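Presented below is the structure to which this report refers.
Each reported figure results from applying straightforward, stated rules to the coordinates on display, with no laboratory input. In this text the structure is predicted, and so the values were computed from the model without any measurement. Cβ placement follows ideal geometry from the backbone for every residue including glycine, while neighbour counts extend to all protein chains displayed.
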Amino acid sequence: MRRLRRIPLSRRSHITGFQALSVSRAVQHESALERDFVMLTTFRDAAAQIISQPITFAFRDDEAPRRYTPDYLVHWSDGRSELIEVKYRADLHANWRQLRPAFAVARTWAREHHARFRIATDRGIRCPMLQNARRLLPLRTAPLDDEIADEVRAAARSLSQPTFGELAAMLPRDRASVLGVLWRMIARADLRADLTVPLGFHTRLALP
């Protein structure tokens with residue numbers, strides 16, 4: 001499979017670069033939407049393997065030769081694999097007649113390789129979880145005050161699904177330090193929260 005990105009940039013959001021998955025891993029993107037897709041995927045599954053432009057299909061459409069390269073191949077940690085096309089909905093609708101034959105080829109390839117072909121649009125990518133990802137991903141590797149973290153766990157055990165604000169108010173510590181630990185613990189999944197909605201002081205938290 002070819003992993004170098006060589007196709008021309010789309011007309012939208014000409015932003016090329018690499019989205020860091022960890023200290024040693026990064027995935028290339030060529031648009032803001034692709035960057036957001038990689039960030040969201042990493043946030044949902046830190047162990048997911050994301051391959052940029054994994055394969056190019058050569059096929060014929062009405063006897064004319066064509067080529068198509070999907071944006072990503074994602075191997076999720078639960079064993080699923082998805083071949084992904086990242087598209088703005090407006091572009092998808094405007095160019096559907098031209099795109100459909102290419103997507104059909106990709107869907108056939110995915111089925112034959114025990115995978116699924118999926119189109120990821122701005123509607124699904126730019127959701128509240130993406131906002132949480134932007135805030136929490138950098139905190140996954142940030143230093144954690146273990147003493148305060150232990151106090152947070154003890155406080156969480158004493159309450160039934162406390163809110164973020166309730167836990168913050170229970171600890172007789174510097175407020176900024178407590179808030180920092182709470183955010184880091186959520187980022188590391190040491191505290192569970194509904195990450196599909198915006199986070200705030202009203203957010204219910206629970207121990208894993």
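In whole Hz, what ³J(HN,Hα) sequence does region 180-187 give by Karplus (6.51, -1.76, 1.60; θ = phi - 60°), x for Gly and Pro?
Karplus values, whole Hz, x for Gly and Pro: x, 5, 4, 5, 5, 5, 5, 4.
If we count other beta carbons within 10 Å of each Cβ, what is the order of Glu147, Glu85, fewest first?
The fewest-first ordering by Cβ neighbours comes to Glu147, Glu85.
So, counting K/R as plus one and D/E as minus one, what does the shell of residues with Cβ under 13 Å around Ile148 add up to?
That sum, taken over residues with Cβ under 13 Å, equals -3.
By the scheme Lys and Arg +1, Asp and Glu -1, what is the net charge of all other residues having a beta-carbon under 13 Å from that of Trp76? Let's see the in-between values first.
On the way: positive: Arg44, Arg80, Arg116, Arg118; negative: Asp45, Asp78, Glu82.
Taking every Cβ under 13 Å from that of Trp76, the sum is +1.
Let me check I've understood the local charge: for Ser158, count other residues with C-beta under 12 angstrom from its C-beta, Lys and Arg +1, Asp and Glu -1. What total comes out?
0
For region 171-178, just list the computed ³J(HN,Hα) in residue order, Karplus coefficients 6.51, -1.76 and 1.60, θ = phi - 60°, integers in Hz, with x standing in for Gly and Pro.
3J(HN,Hα) across region 171-178, in whole Hz: 8, x, 10, 4, 4, 4, 5, 5.
Report, to the nearest 10°, how far helix 32-44 tilts away from the longest principal axis of the Cα atoms in the chain, using its own Cα long axis and a range of 0 to 90°.
The answer is roughly 50 degrees.
Between helix 96-112 and the chain, what is the angle of the helix's C-alpha long axis to the longest principal axis, kept within 0 to 90° and rounded to the nearest 10?
Helix 96-112 sits roughly 70 degrees off the main axis of the chain.
Summing -39500 (n - 2.57) over the DSSP H runs of n ≥ 4 in the chain and dividing by its residue number, what mean residue ellipticity at 222 nm do you reach, to the nearest 500 deg cm²/dmol?
Numbers: 8 runs with 82 residues, N = 208.
So the helix-based figure for the chain works out to -11500 deg cm²/dmol.
Compute the long axis of helix 146-158 from its Cα atoms, compare it with the longest principal axis of the Cα atoms of the chain, and write down the angle in degrees, 0 to 90, nearest 10.
Approximately 80 degrees, to the nearest 10.
Search the structure for amide H atoms under 5 Å from the amide H of Thr203, placed 1.01 Å from N in the peptide plane, and list their residues when 5 or more places away or on another chain.
For Thr203, the qualifying residues are Phe164, Gly165.
Only one of the listed values, (1) 20.9, 74; (2) 17.3, 56; (3) 18.9, 74, was derived from the coordinates as Rg and Dmax of the Cα atoms in Å; which label is it?
It is the one labelled (1).
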